[in-house]
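Before any comments, here is the structure.
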């Protein structure tokens with residue numbers, strides 16, 4: 001890879017958008033580039049660095065999908081297991097034919113507590129339901145469990161956070177562990193991650209970036225009152241760029257799942273964007289070109305959080321872009337990607 005080109009292009013765009021965060025590029029597990037910009041804490045002028053932990057919002061749906069696949073691999077449930085067999089609810093309006101597969105692929109048709117097709121302000125959720133009370137997965141249930149179905153089961157892809165909350169509850173039900181503890185033991189630890197976790201916003205550990213929401217007039221505020229106080233199975237974990245790289249490495253080398261179940265997770269099940277030949281697997285986005293998979297990727301956006309990370313199977317390159325601002329990660333990610341694909 002032409003890393004001098006990457007450096008120049010990335011630095012130009014970072015300066016242009018006032019990027020705040022850390023990026024990493026690896027190939028064949030060899031570090032090609034890693035650098036940071038901006039502040040992890042603006043008030044105390046603490047700079048972002050290689051070991052800074054960043055929120056990744058929905059980027060960690062991949063962790064939930066891996067956890068479910070681990071339990072399937074152990075024979076403790078199947079992808080065709082009905083939701084009603086695992087959780088008692090109550091879910092008075094949910095279709096009883098919803099399966100684990102439907103939830104993993106966002107095809108269950110259930111109502112979402114934050115429906116991105118009709119809502120654009122995540123902060124509105126916490127007007128009636130205080131964010132500081134949202135510390136466990138079951139705390140999210142009142143936001144959607146008594147709502148009618150949005151779509152018939154299996155009709156189409158509908159990105160759905162509530163579905164991944166339910167998957168997290170399934171993990172808790174089977175494992176008898178809190179979801180965050182399960183992920184720490186069976187995914188982070190196996191991948192060799194030492195800094196990742198589901199941290200509470202009112203008790204962040206050292207070297208964790210605070211998320212910032214910038215206003216057009218130049219003012220800013222933190223995202224402390226904009227997100228659930230603790231993330232869960234639909235989003236909200238914190239990682240370092242190196243830890244996210246370790247996740248890719250562990251996944252692609254069958255350290256988290258056996259090869260057959262890794263392939264099940266990485267299979268393109270449903271087309272989400274015909275124009276770009278984009279599909280969804282289990283907790284992961286998949287791009288294809290001429291029936292060949294060109295990219296596996298995850299992403300996440302919350303107020304004060306933007307994140308993109310990808311694995312390119314052809315040249316075994318990993319990219320990780322973490323930012324503690326609401327925007328910015330995508331543009332930096334695209335510059336990296338254009339250089340990788342044109343190399």
Could you line up 139, 302, 181, 291 from fewest to most neighbouring Cβ atoms inside 10 Å? 291, 181, 139, 302
Once fully extended, how much extra length lies between residue 51 and residue 263, figured as 0.36 nm per residue of separation less the alpha-carbon to alpha-carbon distance? 73.2 nm
Net lengthening on full extension, residue 270/residue 291 (0.36 nm per residue, minus Cα-Cα): 6.2 nm
Once you've got the GNM for the chain with C-alpha springs shorter than 10 Å, pick whichever of 207, 219, 49 has the biggest mean-square fluctuation. 219
From fewest to most C-beta neighbours within 10 Å, the residues 103, 265 line up as 265, 103
May I ask you to sort 12, 320, 46, 298 by Cβ crowding, counting other Cβ atoms within 10 Å and putting the fewest first? 12, 46, 298, 320
Starting from the Cα gyration tensor of region 34-161, take the square roots of the eigenvalues, sort them a ≥ b ≥ c, and report rounded, prolate or oblate (rounded when a/c is under 1.5, otherwise prolate if a/b is larger than b/c, else oblate). prolate
Give me the distance between the Cα centres of region 128-157 and region 1-72, rounded to whole Å. 30 Å
Given (1) 24.7, 81; (2) 19.2, 58; (3) 22.1, 65, which label gives Rg and Dmax of the Cα atoms in Å as computed from the coordinates? (2)
Length-normalised contact order of region 207-343, Cα under 8 Å, at least 6 apart, in percent, tallies to 20 percent
Taking the Cα-to-Cβ direction at residue 194 and at residue 342 and moving 7 Å from each Cα, how far apart do the two end points lie in nm? 3.8 nm
Note down the nm distance, to one decimal, between modelled labels 7 Å out along Cα→Cβ at residue 255 and at residue 207. 1.8 nm
From the square roots a ≥ b ≥ c of the eigenvalues of the alpha-carbon gyration tensor of region 223-310, which class results: rounded (a/c under 1.5), prolate (a/b over b/c), or oblate? oblate
In whole angstrom, note down how far apart the Cα centers of region 81-110 and region 179-200 are. 26 Å
On the formula 1/(1 + (r/R0)^6), with r taken between the Cβ atoms of residue 42 and residue 278 and R0 of 30 Å, the FRET efficiency rounded to 0.05 is 0.25
Which of the three applies to region 182-237, rounded, prolate or oblate, going by the alpha-carbon gyration tensor with a ≥ b ≥ c and a/c under 1.5 meaning rounded? prolate
Grab the DSSP H runs of the chain that are 4 residues or longer, score each as -39,500 (n - 2.57), total them, divide by all residues and round the 222 nm result to the nearest 500 deg cm²/dmol. -7500 deg cm²/dmol
GNM flexibility winner over the chain from 259, 155, 242 (Cα, springs under 10 Å): 155
State the antiparallel share, in %, of DSSP beta bridges confined to the chain, rounding to the nearest 5. 95 percent
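Just so you know, all these numbers are worked out from the coordinates, no wet-lab data involved. A quick note: this is a predicted structure, and the numbers were derived from the prediction, not measured. Heads up, the Cβs are rebuilt from the backbone with ideal geometry, glycines too, and the neighbour counts pull from every protein chain shown.
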